[in-house]
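Please treat every number below as a calculation from the coordinates, not as lab data. These numbers were taken from a predicted model, which means no experiment stands behind them. Ideal geometry is used to build each Cβ from the backbone, glycine not excepted, and the neighbour counts take in all protein chains shown.
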Amino acid sequence: MSEGVDEWAVPTLEGSSIAAGEARAVEAGAATEPGVDTLPGDLAPGAAFERDEAAPEGSPRRIDRYLIIRELGAGAMGKVFLAYDAELDRRVAIKLLHDRKANQRAGRRLQREAQAMAQLSHPNVVTVYEVGRQGEELYVVMEYVQGSDLRRWQRAADRGIAETLALFSAAGEGLAAAHDAGLVHRDFKPDNVLVGEDGRVRVADFGLAHARLRGEESGLTPVSRSQRIEALEELGSGSGPDSGSASRSGEESEGYAGTQASLSASLDATQTSELAVKGLAQAPELEHFLRPSVLEATLTRDGALLGSPAYMSPEQFAGRTGDARSDQFSFCVALWEGLYGSRPFSGTNVFKLARAIACDPPKRPRREGPALVPEWLEAVLVRGMAKEPEARWPDMHALLEALADDPRVRRRRWLQRGAAAVAIAGTLAGGSVWGARQLRTNAEQRYWNELTGELLALERERSLRQANDDAERARDATKMSVHQRYGAEPTAKAATPRDPAMAAVLLREVGARGRSSSAWLSAANATLGLSMSHARLQGHAAPVLGLVFAGQGQGLYSLAKDGELRAWDWARGAGELLRAPPTEGAGGVALARSPDGRSLAVAYSDGSVWLVAVEDGEARLVSEDAMVATALGFDASGRTLAVGRRRGALRLFDTATGLEPGAEVFDHQNESPRAIDFDGAGRMLVASGAAAWLWEVDNHALIARLDGHEDEVFHARFLDGDWALTGADDRSLRLWSVRPGAEDASAPRWSAALSQPISAMAVRGTSFAGADASGQLLGGRLDLATGAVSSVSLEGHAQGVWSLGLGVDGRTVVSAGFDGVAKVQTLDEGGSARVLRGHREGIVTASLDASGRWLATGSWDTDVRVWDLAREPLSRELSGTGAPVQAVAAEGEALASPRVLTAARDGRVRLWDAGSGAALGSSAGGEALNVAAFSPDGRRVAMGDRSGQVRAWTPGEDEGVVIGRHRRAVWDLAFSPDGSRLATVSGDGSGRIWALDSGESVTPSVVLEGHEGRVEQVAFGAQRVYTAGSDNSVRAWEARTGAQAQVFEGHRAAVRALALSPDRRRLATASDDREARLWSLDKAGASVILEGHSQGLTALAFDPSGARLATASADHDARVWSTRTGELLHLLRGHEGSVLGVVFVDEQRLLSHGDDAQVRLWLLGEPGEEPAVIVLDGHGGAVLEVAVTAEGRWAVSGALDGTARVWDLERLSFEPPELLEALHAATTSCLSVDWRMRELGENAAEAEATWAYCEAAQGR
């Protein structure tokens, strides 16, 4: 036998190729191989994983019938061997997957995918011959390819564009074939493409390694409520939900991809990188497994990280499940690299690479050299790498057609056809009379010249249309990508702060074709649901220090650090310089507005104070001094202006005459006044410095010195005339009684300590708010009758708060901080604050207009922004949950302000106002809750927990009372239609019916026994109770006696969900057998079977009329069926993971939610029409449940990451023209020329023209 070195390549389990030529190949002559002709007894068939004693531990000599020749490579998930198949006389490659490192469910997922691959036969896909399992180990037998991988093929020689494109196109055909078969690669890269010695290209490793790393694949996701809760228990604590149970016989519970220990064991460098980019907020339980050395690994200069991240799509980096469009993105990245020699996205570490892929346009190399990549080809790839999957090519077939559609080739074909036509015509003419031919020569020549010219003109026009079309698609894709960057929630390390106004401008510039996509529809609705600046006012060259609304037309005025005073027509977003600094170098110090809004007082660093008339901008010098003014304040009439200066000078000026009413009478003993405020009657004045002084205005008498602060007092305000509030650098707020005849004005009546010096303060009526330099906020109210103060901690800022305001209602608190955001919240509602984002640097000053609707903010970034506080958000986060939210519910009655509830693993049910998101109370804590529901009248809430306890809570009356207990966890409950009884089901195999009376006690329960396993769900009919169980059955029970009335049989696997039709005459059931069934409750008989899902069903729901039924499945789809005929009406696709639930909003709208962290709103339309969809993002983990209020306006969702949100469904629109109009009305902002060139890659002329068009449209 002759030996030779084989050049071969077999992908390892991590996706990389084993280096060519590392191993000696053994030729296929079986007789020459030792042990093949005559096998020792211990290697006979049936001895599966026999090991050679001399071989390293873990290396088998035989796997089933395959003789192992040698090990080719090893990875974190297993090993790859070269083996010999004696039966078919061929060499094969075998991947041996160590399933001990993952749970059995993951192994079954891999086995199913490999079996599917084995059924796929295509010349451009590595053939999988067999998949099997021996013991605990899974193996995959596949084609052994002699040759190299695509990366080595590219490096072996200089490859031209045509040659590179041909090989990649062949690989693309393999991808397309797999997609057609329902398979997704999810890890396409040159290392996973094999180029055989025969020149044939084969794609390898379809999803095998990648699926193993991801636990969110449909086959790995728990589908029922009980399975999801048990999976969470297993992931969180390693113990099951039924405390005290050592065994789970009869309960087929399988969790997510194992416990923390198994997750830790399976992490490798690529997985760690993915998790790092995905963010620990989505996987906090994995934080301690991440290796910093991997996260901070330096890449090569063009982002060459070993492994998959360099080719991953934005959605994969975001932690969402990849699909065929993700493969398309990876394919285009790899082809770009093959054509240009560098990758389109780069970064020096994984985080920067992820950001580049998610946010940056492809990095175009310089166009030089003989092998220029044509523009049309680049445009094709740019579209394939669009950030939004919907903006890419419809599928791989469309992409491959575009790659083959070279305009130059088309032109040549047209010309060749024209030339052929000319030749044919010439031949035919040759058979005619020579004389006639001579006479017609000139005419024919003109005809063919004209025809050729027309053909060329048509081709030019077609090419131009295609080029314009491709350019428009590329522009739209870029804008959608950059929109995502400015419209998405910021992260701790985000390089770009979120600015919804810029996102809105980008969306309104997307072309008509792009606006028809679901991605644009979702993005437009989401952006319009955010708080955005109505106007971005640019013109200052220095930070903005002062802002006031003034004048009849709600004018806005700003003072900058460089002394410029500007006036703004903020409705149009335009402004002008109202006054320059009075002297060169004089900077702005303070700005105040008279109560009537007619005058502005402006203090400068040169010591001058000026009074500026708002109407005409006329300025009068009020005071001039060597000492700089430190505080300004008008009295209630606006006629008297108080000016405080350094070293104690405090003077009053008559704004009508400009004269001082008297000498320097307010002696602050050389201490600079920091704040000045008049009471409402103009009778008293309070000024602060080292202390706070209370003066009588008319006779200049000192009423009291408000001592007690231990550091300088920078803030002092009157509160309802007879009270004063002060804030100091000693970190305290103090409230003083200053009414005439007060017992002791020098002693504070109330105080509160914050964590840093007080940096801002606001009052309105009897309400007040204070903030400190760390961002902490405190609000409160004074009870005038008792002098008592009620205070509440408010949502703070990441950095110091420098401006505070209270709305006209005295309830709305507006804060602006040096973290660059403003927040809007209420004193008495709780809930999360509305966050106003857009400024690039800290906000220094803010001002509310007289109506309280409009807020202006001035920033260190030199911008002024105006915000419409009347713009309601699309969704509100319900703060305070923290723990995973297992259940949500909405009141069943149509109310003006309905309530919703959340039930979390901290054992508490919390009530919320759906409209405002305000917290309304919570039950007492206990064991982790699995389910909760309102009674039909909304008076009571029932809940069931993991220990088996059933509790009832009457909000406002008690904290919850125990009704009774199951032996194991309660999985579901349901009230009777009149609310007098409660049905519960449990993992102990039983159901119970509890009779509730008007008090807190309950009568003994009726026990429902008959199921042979866990009871999953329960529904309460008019006279009967229906239960679904893991024993494949559905049972009906008499509600009064508990007697079993009927057994519904037919399902071949566990029944996970059931639902009663609105008229309670039909029952729908959903099972792991992939079927839903409809049963008539009026008459016995066979059920209507609804088939079509490819995996187990998770949930179902009737529409309000009962005419349609929606089903959800682990196959990522939801379906809508006719309940009359059983016909499939709508297929709802788009979720990137298991669909965990569906609920109808009305007869036309349906909500679905899944483990991809998304909620989707579908507009169904007519049967057969493609439903429109709006994606609602806002959760960071699987959305476990969604409920809709009775009137259909509000939806509440709860998620595994501990977040709960309320969505205003009335804010959503499916009409692009309506959304486009709303985007134009939402903000007057335009994108600057420099910004467009930097972020969108536009050239100067294009950027200038687009900016000018936008400015003109806004009337500027």
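Here are the numbers:
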item	result
Rounded if a/c under 1.5, otherwise prolate or oblate - the stretch 1045-1105, Cα gyration tensor axes	oblate
Projected label distance in nm at ARG598 and LEU577, using a 7 Å step from Cα toward the beta-carbon	2.9
Magnitude of the charge dipole, the stretch 754-862, Cβ model with Lys/Arg +1 and Asp/Glu -1, debye to 20	140
Extension gain from SER793 to ARG1052, taking 0.36 nm per residue of separation minus the Cα-Cα distance	87.7 nm
Separation between Cα centres of the stretch 129-202 and the stretch 841-869, rounded to whole Å	57
Burial order of peptide ranges 792-799, 768-775 (average beta-carbon count within 10 Å, highest first)	768-775, 792-799
Dipole of the stretch 754-862 [Lys/Arg +1, Asp/Glu -1 at C-beta], most positive-end residue of THR845, LEU777, GLN799	THR845
Positive-end residue, the stretch 754-862 charge dipole about Cα centroid, Cβ charges, pick of VAL821, LEU754, LEU855	LEU855
Pairwise label distance in nanometres, GLN1148 with GLU710, each label 7 Å out on the Cα-Cβ vector	6.6
For ALA1039, residues with placed amide H under 5 Å, excluding near neighbours	ARG1024, VAL1025
Fewest-first sequence of LYS823, LYS1083, LYS561 by Cβ atoms within 10 Å of each Cβ	LYS1083, LYS561, LYS823
Cα gyration tensor, the stretch 754-862 - rounded (a/c under 1.5), prolate or oblate	prolate
Computed magnitude of the charge dipole of the stretch 1042-1106 (debye, nearest 20; Cβ of K, R +1, Cβ of D, E -1)	120
Distance from the stretch 1002-1029 to the stretch 675-717 (C-alpha centre basis), Å	71
Ordering of 1147-1156, 934-943 by burial proxy (mean other Cβ atoms within 10 Å per residue, highest first)	1147-1156, 934-943
Links that overshoot a 25 Å alpha carbon limit, given the list LYS363/LYS387; LYS352/LYS561; LYS79/LYS352; LYS95/LYS352; LYS95/LYS387	LYS352/LYS561; LYS79/LYS352; LYS95/LYS352; LYS95/LYS387
GLU872 versus ARG739: modelled label distance in nm, points set 7 Å from Cα along the beta carbon direction	3.9
Only Lys, Arg (+1) and Asp, Glu (-1) charged, at Cβ; the stretch 889-1049 dipole about Cα centre in debye	200
